[in-house]
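For reference, the structure discussed in these notes is given below.
The values are calculated or read from the model by the stated rules, or taken from the named source; none is laboratory data. Only a predicted model underlies this, so the values are computations on that prediction, with no experimental measurement involved. Cβ coordinates were reconstructed from backbone atoms using ideal geometry, including for glycine residues, and neighbour counts include every protein chain displayed. Please note that ligands, DNA and RNA were not included when accessible areas were found on the heavy atoms of the full protein model with its side chains. Shrake-Rupley method; radii C 1.70, N 1.55, O 1.52, S 1.80 Å.
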Amino acid sequence: MGKVGDWVDLFNHKVAASKVGYWFKLDGSGHPKERKGSYFFTEMRAGLATFFAMSYIIAVNGSIVADSGGTCVCTADPAVDRWCLKDPTYAICKAEVKRDLITATAAIAAFATFFMGLLANLPIGLAPGMGLNAYFSYTVVGYHGQGLVPYQVAVTAIFVEGWVFFGLALLGMRQWLARAIPRSIKLATSVGIGFFLTLIGMTYSEGIGLAVGSTTVPIELAGCHPDSRDPVTGACPSSDKMRNPTMWIGIFCGGVLTTMLLMYRVKGAIIAGIILVSVISWPRTTEVTYFPYNDVGNDAFNFFKKVVDFHQIKHVLNVQQWDISGHGGQFGLALITFLYVDILDTTGTMYAMARYASLVDEETGDFEGSTIAYMVDSVSIAIGAIFGTPPVTAFVESGAGIGEGGKTGLTAMSTGFCFFIAIFFAPIFASIPPWATGCVLILVGSMMVRAVTDINWKYMGDAIPAFVCIALMAFTYSIANGLIGGICMYMLMNTLVWVVEKASGGRIVPQNKEFKDPWAPNFGSIIPTWMICVAKGKAPWHKDEPVRSIEGTTEPGPVLVGEKGELDSSSGSRPGSTTELPAEAVNEKSAHH
């Protein structure tokens, strides 16, 4: 072991002394801003930890987005099979779309994460975001294409959003927009998406099949065999409820076991639960098989047997539809919602991860490479739209790698390379059943709703808009409805309070007004950091430390978190992190808290 350790130390030293070490600011590189404790092999190990914490997104994102049906067309009679559940041709097409999206998810995650490390020198992984993919599939496009706009128009909105986000990043407006959202609404967004994902995890389409819609009540207990469900309403007969063995496997092996592993801080706990349920579901001779002896099962099993295969993206590659004349309003709503949620999500996660890695400048509040990081994310969103995926965002699972000692972009590059390798194992990822990932969504939801304790429940002007945001997201099955309802309620209530207070000369004020969360966003410098660098004759990108603004002002960067250290982001983030971040890593408040 001594010789191996000496060899590792020697190799770390040689890499640090090279141009590679200087670029990534490794310990011993001689760079004036070298990151102490960063070594090549440590960064590689950290990258693997981040990949194993994030890798579930390949299967989960593919399954969720495939529920939209992609570009598949249902030919069944709506009066007989409204949701196209019995059409074998549509089912096979949907299975192919899922394979396309597994390849696309791994590819865009590899691209975005690799270049985040190479150009921004940050140990942060990126992939299509949880929450955003659910909004895309179940609200914008809708389950099996029953939503607001066709799949082709939805990915067009994402493509446009990516370039709008690029412009905002270039001009430094990302912080301004994030600060303008009231704190209660930002916290409620995370909670609402948590309940939304939980509901999805309980359904048949992307979960364990514990709940289903009904004609007599909005939702009821399910758990029956899929074949016994009513073909029109989808309801379960009373005699067969809670008798589906796949549901129980998902609950105990994918839910209870995973939770126990998380409680004992076992790394890779979520992926371990997914693998166990999947392996149990692969044999064809059992009642819980994912490959039944029918046309759909035979097609899926034939693909599964390839094990290693590069699956070409056939159905969702470059399918943008630029003629939106028939979907103008819905297109605009989807674009604005994607943009808003992504700004909050990415900003909150990136700042939290940068602080965890000790890369935030305490005087400016900004982190190294922030402008480049946002540009990489925005370009990745646009490229991901061409691949057919929902918006790409930063993942809080990056904390797993940072916790392993990752401090530089080499960590992200290592993670990106792992995602690249995963592209060639599409048959394995495509064969993960929904009951293997359903409890993951429920666990993610439980992690996101923790922020509910940080909402200001003492003052109704903050509490009611937050509650409306949460309730509408869950009960209307729409993130957009929740955001619109919460923001509009906040504006209406607080504007009326302001009018009454001014009209009465300050004598009539609501109860507990003194507990109201202040809303006076400090937009900081109106000049973005890179422009200040250029004005000072410095390199405009990330190789200089975060700079001070002209005339002594600063350009602070917000960390969108709650008072107890919970990430204040919507996709929150993030799904199933296997590393619990210490409070000091994320307990940074925005100026308007």
- Query: Taking region 40-84 only, how many residues are in contact with a helix residue (DSSP H, G or I) (Cβ under 8 Å, 6 or more places away or on another chain), open to solvent by less than 70 Å² (accessible area, probe 1.4 Å) and outside any helix (DSSP H, G or I)?
  - Reply: 11
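In region 398-427, which residues are part of a helix (DSSP H, G or I) and at pLDDT below 90?
Taking region 398-427 and keeping what is part of a helix (DSSP H, G or I), we get 398-403, 409-422, 426-427.
Result: Ser398, Gly399, Ala400, Gly401, Ile402, Gly403, Ala426, Pro427.
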- Where in region 230-334 are there helices (runs of 4 or more DSSP H), lying fully within it, with 1 or more residues that are among the polar types (S, T, N, Q) and open to solvent by 60 Å² or more (accessible area, probe 1.4 Å)? 295-304
- Query: So which pairs qualify, if the first residue must be in region 29-51 and free of Cβ contacts under 8 Å to residues at least 12 places away in the same chain and on the phi < 0 side of the Ramachandran plot, the second must be of a type in the set (Phe, Trp, Tyr) and surrounded by fewer than 19 Cβ atoms within 10 Å (Cβ to Cβ), the Cβ gap must be under 6 Å, and the two must be at least 6 apart or on different chains?
  - Reply: His31/Tyr22
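Here's the yes/no breakdown for (1) more than 23 Å from the chain's Cα centre (by Cα); (2) aliphatic (A, V, I, L, M):
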position: Ser18; (1), (2): yes, no
position: Phe24; (1), (2): yes, no
position: His31; (1), (2): yes, no
position: Gly37; (1), (2): yes, no
position: Phe41; (1), (2): yes, no
position: Thr50; (1), (2): no, no
position: Ile57; (1), (2): no, yes
position: Cys72; (1), (2): yes, no
- Task: Mind telling me which of the residues Val444, Val497, Val449, Val468 ends up being of a type in the set (Val, Ile, Thr) and touching a Phe, Trp or Tyr at 6+ places or on another chain (Cβ under 8 Å)?
- Result: Val449
- Does region 85-117 hold any residues that are part of a helix (DSSP H, G or I) and surrounded by fewer than 17 Cβ atoms within 10 Å (Cβ to Cβ), and which are they? Pro88, Thr89, Ile92
- Message: Looking only at region 438-459, filter to residues that are open to solvent by 40 Å² or more (accessible area, probe 1.4 Å) and modelled with pLDDT of 90 or more; which one of those is farthest from Leu187 (Cα to Cα)?
- Response: Lys458
- What is the number of the single condition among (1) open to solvent by 60 Å² or more (accessible area, probe 1.4 Å); (2) outside any helix (DSSP H, G or I) that Gly37 does not meet? (1)
- Message: I'm trying to understand the selection: among the residues of region 298-311, which are within 30 Å of the chain's Cα centre (by Cα) and more than 15 Å from Cys93 (Cβ to Cβ)?
- Response: Phe301, Phe304, Lys306, Val307, Val308, Asp309, Phe310
- Task: Working only within region 335-356, note down all residues that are charged (D, E, K, R) and either in contact with a Ser or Thr (Cβ under 8 Å, 6 or more places away or on another chain) or surrounded by fewer than 19 Cβ atoms within 10 Å (Cβ to Cβ) (or both).
- Result: Asp342, Asp345
- Report, by residue number, each residue of region 380-392 that is closer than 17 Å to Ala412 by Cα and either part of a helix (DSSP H, G or I) or open to solvent by 20 Å² or more (accessible area, probe 1.4 Å) (or both). Ser380
